[in-house]
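S.K.: Before we start, here is the structure in question, set down as structure tokens.
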Amino acid sequence: QRDGFDHYMLKEIHEQPAALDRAIQGRITDDNDVRLEGFPAGEFADVGAVHLIACGTSYHAALYAQQLLANRDIPAQVFSAGEYTTTPAPVRDDTLVVAVTQSGETADTLSSLDIAAERGARTLAVTNVIGSTAARTADDALFIRAGPEIGVAATKTFSSQVAVLALLAERIAEDVSGTVHSDREALLAALERLPADVQDTLQRSPVESLATELRGREEQFFIGRGYGYPVALESALKFKEITYEHAEGFAAGELKHGPLALVTSDTSVFAVFTGRHDEKTLKNVEEVRARGAPVVAIAAESDHEVAEAADEFLPIPDTHPVAAGLLANVQLQLVSYRVADLLGRSIDKPRNLAKSVTVE
Ligand code: M6R
């Protein structure tokens, strides 16, 4: 069942090229149109604002979506579902509430959907599971087609969520504005190349020596900006979830506002570069290195400046920033996996955690 992989998590990491292929299949036409089944062109023309609600890894995919929408001039906000149920945000007639949930069964996310519907918002579930509660209770559902995910740590479903949310953002933006953004062609081309780029990235998996080195460190920080920010949060979550070691993700710009006080030579800092605003993140790398922290940079293979600025370099193929974030995330999934494996952790079923959190 694990197809020769030691863990489901590793198998699912390697399934990402196929999962991404399915996520976009039939949804991008030759003339760069985005077609989402069940959502004809113009379907989202009345949308004035988008609320994205989710938990855990899905929350990080929702953060990605918020930026995708903002970059297309669509006002979007992200809410942790557990918070949305205590303090629901006001909705208007033109608010689209999108629940992002792999399982479609997360209690807080389902309650949020109910609250949004009661308040009169249009609801949409972006989910992996056909027939799940979220898919059945929301007004509409859009499926990410990642296939079953057994490992408690979400891996391929994060990549598929982001790919599908990118297509949804394109559809909404075109419906609302009546025009196609000048960046659309480059984005869609990068999404179509993504399965091959992920395959390429998997073949450059981080060396064992890096994992051995990291294993002994007291603390790991993950930093990024733009699309690198949700990736930093997601990578820190993955690291703590399966290694049981302390890890934190930050918006790179936040470092100086407090977390820098914790940085010592015992803090590994993973810096995510997506090709946008990299010069600022390079400054953050200098700041932590000045405090003795070893830096692992994840950036385009052609980026010699970043490679030289860091202690270790994990390359990804050159591509659009949206896809670069996902590729960096794949590298960091492998880092977490390898460290957890060296530590002998229960990778597929980490202590205290369940695949689906069905209580609030
Ligand atoms: O099924 P969902 O996407 O709603 O699940 C949300 C979280 O429970 C889930 O992403 C969790 O954070 C993962 N175990 C993280 O790897």
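S.K.: Take the alpha carbon atoms of region 277-295, find their center, do the same for region 120-176, and report the distance between the two centers in whole angstrom.
M.R.: Cα centroid of region 277-295 versus Cα centroid of region 120-176: 35 Å apart.
S.K.: Quote the charge dipole size of region 171-306 about the Cα centre in Debye, to the nearest 20; the model charges only the Cβ of Lys and Arg (+1) and of Asp and Glu (-1).
M.R.: In total the dipole reaches around 240 debye.
S.K.: Could you work out the helix-only [θ] at 222 nm for the chain, with each DSSP H run of four or more residues adding -39,500 (n - 2.57) and the total divided by the number of residues, to the nearest 500 deg cm²/dmol?
M.R.: That calculation yields -14000 deg cm²/dmol at 222 nm.
S.K.: Given the options 45, 354, 206, identify the residue whose Cα lies farthest towards the positive end of the charge dipole of the chain (+1 on Cβ of Lys, Arg; -1 on Cβ of Asp, Glu).
M.R.: Positive-most Cα among the choices belongs to 354.
S.K.: Amide H to amide H under 5 Å from residue 99: which residues, 5+ apart in sequence or cross-chain, H placed 1.01 Å off N in plane?
M.R.: For residue 99, whose amide H was placed from the backbone, the distant partners under 5 Å are 53, 124, 125, 126.
S.K.: Relative contact order of the chain, please, whole-number percent, based on alpha carbon pairs below 8 angstrom and at least 6 residues apart.
M.R.: Worked out over the chain, it gives 19 percent.
S.K.: Next question, about the same structure. Under a straight-distance cross-link criterion of Cα-Cα below 17 Å, which aspartates and glutamates are reachable from residue 283, leaving out those fewer than 8 residues away in the same chain?
M.R.: Excluding near neighbours in sequence, the set is 254, 303, 305, 308, 311, 312.
S.K.: Can you tell me the FRET efficiency between residue 266 and residue 286 if r is taken as the Cβ-Cβ distance and R0 is 25 Å, rounded to the nearest 0.05?
M.R.: Taking R0 as 25 Å, the efficiency between residue 266 and residue 286 is 0.85.
S.K.: Within region 223-252, name every residue whose backbone N is under 16 Å away from a label modeled 7 Å from Cα of residue 351 along the Cβ vector.
M.R.: So the set is 240-247.
S.K.: Roughly speaking, what is the centre-to-centre gap between region 30-79 and region 308-330 when only Cα atoms are used, to the nearest Å?
M.R.: 24 Å
S.K.: How large is the charge dipole for the chain, taken about the Cα centre, if only the Cβ atoms of Lys, Arg (+1) and Asp, Glu (-1) carry charge, to the nearest 20 debye?
M.R.: Result for the chain is approximately 700 debye, rounded to the nearest 20.
S.K.: Compute the accessible area per residue over region 218-341, keeping the other protein chains in place, probe 1.4 Å, unit Å².
M.R.: 34 Å²
S.K.: Rank 118, 12, 287 by mean-square fluctuation in a GNM of the chain with C-alpha springs under 10 angstrom and give only the top-ranked residue.
M.R.: Checking each option, the largest mean-square fluctuation is seen for 118.
S.K.: Something else now. Considering only protein heavy atoms and a 1.4 Å probe, what is the carbon-and-sulfur percentage of the accessible area of the chain? Can you show the working numbers first?
M.R.: Working: 6710 of 14140 Å².
Heavy-atom surface of the chain belonging to carbon and sulfur, 1.4 Å probe: 47 percent.
S.K.: Just check region 1-123 against the gyration tensor rule for me: Cα atoms, a ≥ b ≥ c as the square roots of the eigenvalues, rounded for a/c under 1.5, and otherwise prolate or oblate depending on whether a/b exceeds b/c. Please list the in-between numbers first.
M.R.: Numbers: a/c = 2.33, a/b = 1.30, b/c = 1.80.
Judged from the Cα gyration tensor, region 1-123 comes out oblate (a/c at least 1.5, b/c at or above a/b).
S.K.: Report the FRET efficiency, 1/(1 + (r/R0)^6), for residue 209 and residue 29, where r is their Cβ-Cβ distance and R0 is 56 Å, rounded to 0.05.
M.R.: It comes to 0.75.
The values are calculated or read from the model by the stated rules, or taken from the named source; none is laboratory data. Quantities reported herein were computed from a predicted structural model and do not represent experimental measurements. Using ideal geometry, Cβ is built from the backbone for each residue, glycine included, and neighbour counts are taken over all protein chains shown. Side chains are part of the model used for accessible areas, which takes the heavy atoms of the whole protein and leaves out ligands, DNA and RNA. Shrake-Rupley method; radii C 1.70, N 1.55, O 1.52, S 1.80 Å.
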